[in-house]
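Student: Next up is a structure, given as structure tokens.
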Amino acid sequence: MKIFVKAKPKARKVYIKKIDDTHYVVAVNEPPICGKANQAIIKSLARYFAKPPSQINIISGETSRLKIIEIPITLEEVRVMEAQKKLF
């Protein structure tokens, strides 16, 4: 599944906000220097979707705040996880 992420590096509060099925806002504490913010975003999404970070890839937008990220999960699996309240 491909999701569209608006990144917020150097945020005071770390969070993931779901806008709709494929659009998310991800805020992390790390600065956008040497890929630290991208690594933090991948780790946050890995926890959110219960997938290993190695399976999450940034397809587009490594140096941009708007990113396209590929996660090996289906929309139905996401909905089931939400129904079971496994996503924070």
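Student: Can you tell me the dipole magnitude for the chain around its Cα centre, using point charges on the Cβ only (Lys, Arg +1; Asp, Glu -1), in Debye to the nearest 20?
Tutor: Numbers: 17 positive and 8 negative charges, 99 e Å.
Its charge dipole is roughly 480 debye.
Student: Among the GluC sites (Glu not before Pro) within region 37-88, which fall in a DSSP loop and have no more than 13 other Cβ atoms within 10 Å of their own Cβ? Walk me through the numbers before you get to the answer.
Tutor: Details: sites: GLU62, GLU70, GLU76, GLU77, GLU82; in loops: GLU62.
Passing sites in region 37-88 are GLU62.
Student: Given the DSSP H assignment, sum -39500 (n - 2.57) over each helix run of at least 4 residues in the chain and divide by its residue total; what's the result at 222 nm in deg cm²/dmol, nearest 500?
Tutor: Numbers: 2 runs with 23 residues, N = 88.
Rounded to the nearest 500, the figure is -8000 deg cm²/dmol.
Student: Using DSSP to call loops (not H, G, I, E or B), can you name the trypsin sites (Lys or Arg not before Pro) in region 7-48 whose Cβ has at most 10 other Cβ atoms within 10 angstrom? Please list the in-between numbers first.
Tutor: Numbers: sites: LYS10, ARG12, LYS13, LYS17, LYS18, LYS36, LYS43, ARG47; in loops: LYS10, ARG12, LYS13.
Sparse-neighbourhood loop trypsin sites (Lys or Arg not before Pro): ARG12, LYS13.
Student: Additional query: If you take the charge dipole of region 2-83 about its Cα centre, with +1 on Lys and Arg Cβ and -1 on Asp and Glu Cβ, which of TYR24, ALA50, ALA37 is farthest toward its positive end?
Tutor: Final value for the positive-end residue is ALA37.
Student: If I take R0 = 22 Å and measure r between the Cβ atoms of GLU82 and ALA46 in this structure, what FRET efficiency does the formula 1/(1 + (r/R0)^6) give, to the nearest 0.05?
Tutor: 0.85
Student: Could I ask something else about it? Arrange ILE3, ILE59 by Cβ neighbour counts within 10 Å, fewest through most, would you?
Tutor: With the sparsest Cβ surroundings first, the list reads ILE59, ILE3.
No value in this document is a laboratory result; all are computed from the given coordinates. As the structure is a computational prediction, the values presented were derived from the model and not from experiment. Every residue, glycine among them, receives a Cβ derived from its backbone with ideal geometry; neighbour counts consider all protein chains shown.
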